[in-house]
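Taking it in order: structure first as C-alpha cells, then the write-up.
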Amino acid sequence: MEVNTPDQYAEAFAAITRERADALLAAEGALNFVHRQRIVDFAAARRPPAMYAFRESVDAGGLVSFGVETLDLYRRAAVYVDKILKGATPADLPVEQPTKFELVINLGSAKALGPTIPQSLLLRADEVISEPSSVPCRIGRQSPRRATRR
C-alpha cells in the first residue's frame with residue numbers, strides 16, 4: 001500500500017490489519033522517515049514482522065532495517081561542500097551512488113514481537129541492538145547497548 005501524505009497512514013494501517021498482512025516493508029522516503037515512530041508503533045501493536053529502510057526506525061523500536069548508511073551520506077556530502085567552497089563548479093562534480101549499506105537488527109524488538117532471528121542473519125548484521133530503545137537516535141552517537149561489527 002502506497003502512502004503519499006501523512007493522512008494516508010491510517011488508511012494504510014487499516015488495510016494492513018483488514019488484509020492480515022504477513023509482513024510490513026517500510027520503503028525509504030522522507031515521509032516514512034519523518035513518521036518512522038508511527039510506523040514502528042503500528043507494527044508493535046499489530047505484530048506483523050516489519051523491515052525498514054532506515055536504521056533510525058530500528059533505533060525507535062523496529063525489528064530490522066537494511067539500507068544506506070546515513071552517516072556515510074553526510075560525510076560524502078561534506079566532501080562535496082568542501083570542493084564547492086574551494087571553487088569547484090557543482091555541475092562539474094560527478095554524481096555518486098551510495099556504497100555503504102547496513103543491516104541492523106533489534107533483538108529486544110524480536111523478543112517482544114516473537115520471531116526468532118536466525119544465527120546466520122545475526123552474524124551478518126552490521127549492528128545488533130540487544131534491548132528496545134526508548135531514546136531517539138542521534139546521528140553519530142554510539143550507545144553502550146549496541147554491539148557493532150565492522
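Where a number appears in this text, it was derived from the coordinates with a stated rule and is not lab data. Please read these numbers as outputs of a predicted model, since none were measured by experiment. We place every Cβ from the backbone using ideal geometry, glycine too, and count neighbours over all the protein chains shown.
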Unique match (being of a type in the set (Val, Ile, Thr), within 10 Å of the chain's Cα centre (by Cα) and farther than 23 Å from Ser130 by Cβ) among Val58, Val3, Val68, Val34: Val68
Top-ranked residue of region 59-90 - restricted to ones that are in a helix (DSSP H, G or I) and among the hydroxyl-bearing types (Ser, Thr, Tyr), ranked as surrounded by the most Cβ atoms within 10 Å (Cβ to Cβ): Thr70
Contacts under 8 angstrom Cβ, first residue in region 108-128 being in contact (Cβ under 8 Å) with a residue 60 or more places away in the chain and closer than 18 Å to Pro48 by Cβ, partner of a type in the set (Val, Ile, Thr) and part of a helix (DSSP H, G or I), 6 or more apart: Ser109/Val58
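For region 1-58, which positions are charged (D, E, K, R) and surrounded by 18 or more Cβ atoms within 10 Å (Cβ to Cβ)? First the steps, then the outcome.
Taking region 1-58 as the starting set, the residues that turn out to be charged (D, E, K, R) are 2, 7, 11, 18-20, 22, 28, 36, 38, 41, 46-47, 55-56.
Arg36, Arg55, Glu56 - these are the residues of region 1-58 that are charged (D, E, K, R) and surrounded by 18 or more Cβ atoms within 10 Å (Cβ to Cβ).
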